[in-house]
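Notes for the one structure printed next.
The values are calculated or read from the model by the stated rules, or taken from the named source; none is laboratory data. The shown structure was predicted, so the numbers you read here are calculated from the model rather than taken from an experiment. We place every Cβ from the backbone using ideal geometry, glycine too, and count neighbours over all the protein chains shown. What goes into the accessible areas is simple: the full protein's heavy atoms, side chains included, and nothing from ligands, DNA or RNA. Shrake-Rupley method; radii C 1.70, N 1.55, O 1.52, S 1.80 Å.
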Amino acid sequence: MMAAGVERYGVYELRAKVYALEGKGDDAMRDLSKAAKLGWRNSWWATHEPYLASLSPRSDFQALINEVNRSNDQLNNNIKPDI
């Protein structure tokens, strides 16, 4: 899909998980960062699923999770309930 030009966060997230499971942390972070730029917002899952567990001690992973959490919080704060 990527070779065909697909630019969706899901394919980068999946490849990041595979790289992380293979112990290729730098490659995993590259793809997870790309996924975040394309709209990936699953930071809670990233810290709780085993696929990305090898990345959790990394400062760049923690920084990315914090950035995505801030973005999620901002989006949540902008939602106005219809009450």
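List of remarks:
- Using alpha-carbon coordinates, inclination of helix 25-37 to the longest axis of the chain, degrees: 30 degrees
- Cα lying deepest toward the dipole's positive end in region 24-76, options A36, Y51, F61, charges on Cβ: A36
- Shown are L75, L32, L38, whose ranking by accessible area with a 1.4 Å probe and every protein chain present, most to least, is L75, L38, L32.
- C-alpha long axis of helix 59-77 to longest principal axis of the chain, angle in °: 20 degrees
- Only Lys, Arg, Asp and Glu carry charge here, each on its Cβ (+1 for the first two, -1 for the last two); on that basis the chain has a dipole of about 100 debye about its Cα centre.
- Matching label, Kirkwood radius over Cα pairs in Å computed from the structure shown, candidates (i) 14.7; (ii) 13.3; (iii) 13.7: (ii)
- The angle between the Cα long axis of helix 9-21 and the main principal axis of the chain comes to about 50°, on a 0 to 90 degree scale.
- Packing, taken as the mean count of other beta carbons within 10 Å per residue, orders the peptides 15-27, 51-63 from highest to lowest as 15-27, 51-63.
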